[in-house]
1. From 33, 26, 55, grab the single residue that is of a type in the set (Gly, Ala, Ser) and surrounded by fewer than 20 Cβ atoms within 10 Å (Cβ to Cβ).
2. Is it the case that some residue within the stretch 67-85 is closer than 18 Å to residue 28 by Cα and of a type in the set (D, E, K, R)?
3. Being in a helix (DSSP H, G or I) and modelled with pLDDT under 95 is the filter here; which residues of the stretch 1-53 pass it?
4. Starting from residues that are among the small types (Gly, Ala, Ser) and closer than 24 Å to residue 6 by Cβ, keep the ones in the stretch 36-52 and report whichever is surrounded by the fewest Cβ atoms within 10 Å (Cβ to Cβ).
5. Go over the candidates 25, 41, 16 one by one and state the one that is more than 20 Å from residue 115 (Cα to Cα) and touching a Gly at 6+ places or on another chain (Cβ under 7 Å).
6. Are any of the residues in the stretch 67-78 more than 13 Å from residue 18 (Cα to Cα) and touching a Gly at 6+ places or on another chain (Cβ under 7 Å)?
7. Considering only the stretch 86-96, state which residues are loosely packed, with under 12 Cβ neighbours inside 10 Å and either in contact (Cβ under 8 Å) with a residue 24 or more places away in the chain or among the charged types (D, E, K, R) (or both).
8. Would you please name the residue that is surrounded by the most Cβ atoms within 10 Å (Cβ to Cβ), looking only at residues in the stretch 1-23 that are touching a helix residue (DSSP H, G or I) at 6+ places or on another chain (Cβ under 6 Å) and farther than 18 Å from residue 86 by Cβ?
Amino acid sequence: MAQFRFESLEIWQKAIEISDRLFDIGDVLRDQGRFRFSEQIDSAAMSITNNISEGSGSYSDRDFANFLKFSHRSIFECANILVILQRRKLVSVEEKEELFNKLEHLSKMETNFRKTLLK
């Protein structure tokens, strides 16, 4: 069975797990008619994994590291969206905190991986 490079990367594996959770939130928001919130969280979540996977196909480590910067920014975008959703009582404090912890861990993993690419 064919496998792309990104599928073996721990940062991508963690990111896809988090994205699944964020997509679940997006699905609930869509069901509630909150289409703008749904689109925003889906887009930001997808950007995390898309940039990791796209970067993994780069011809240089420096180029890959650049894609990780974009992914990293999307992690922070997701965190901000979760704050807004929690303030609007569209996600619970507990759900926001759990996802914050996962996003923070992923952020650190990406930062460390990016450093190895730039050595």
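The values are calculated or read from the model by the stated rules, or taken from the named source; none is laboratory data. Here the structure is a predicted model, which is why all the values come from computation and not from measurement. Cβ coordinates were reconstructed from backbone atoms using ideal geometry, including for glycine residues, and neighbour counts include every protein chain displayed.
1. On the way: 26 fails: surrounded by fewer than 20 Cβ atoms within 10 Å (Cβ to Cβ); 55 fails: surrounded by fewer than 20 Cβ atoms within 10 Å (Cβ to Cβ).
The unique qualifying residue is 33.
2. No: zero hits.
3. Residues of the stretch 1-53 in a helix (DSSP H, G or I): 5-8, 10-31, 35-53.
If the condition is that a residue be in a helix (DSSP H, G or I) and modelled with pLDDT under 95, then 5 is the only one that fits.
4. Of the residues in the stretch 36-52, the ones among the small types (Gly, Ala, Ser) are 38, 43-45, 47.
Imposing the further condition that a residue be closer than 24 Å to residue 6 by Cβ reduces the set to 43-45, 47.
Numbers: 43: 15, 44: 22, 45: 25, 47: 18.
Of everything passing the filter in the stretch 36-52, 43 is surrounded by the fewest Cβ atoms within 10 Å (Cβ to Cβ).
5. Values: 25 fails: touching a Gly at 6+ places or on another chain (Cβ under 7 Å); 16 fails: touching a Gly at 6+ places or on another chain (Cβ under 7 Å).
Exactly one of 25, 41, 16 is more than 20 Å from residue 115 (Cα to Cα) and touching a Gly at 6+ places or on another chain (Cβ under 7 Å), namely 41.
6. Yes, the stretch 67-78 contains at least one residue that is more than 13 Å from residue 18 (Cα to Cα) and touching a Gly at 6+ places or on another chain (Cβ under 7 Å).
7. Narrowing the stretch 86-96 to residues loosely packed, with under 12 Cβ neighbours inside 10 Å: 87-89, 92-94.
Answer for the stretch 86-96, where residues must be loosely packed, with under 12 Cβ neighbours inside 10 Å and either in contact (Cβ under 8 Å) with a residue 24 or more places away in the chain or among the charged types (D, E, K, R) (or both): 87, 88, 89, 94.
8. 15
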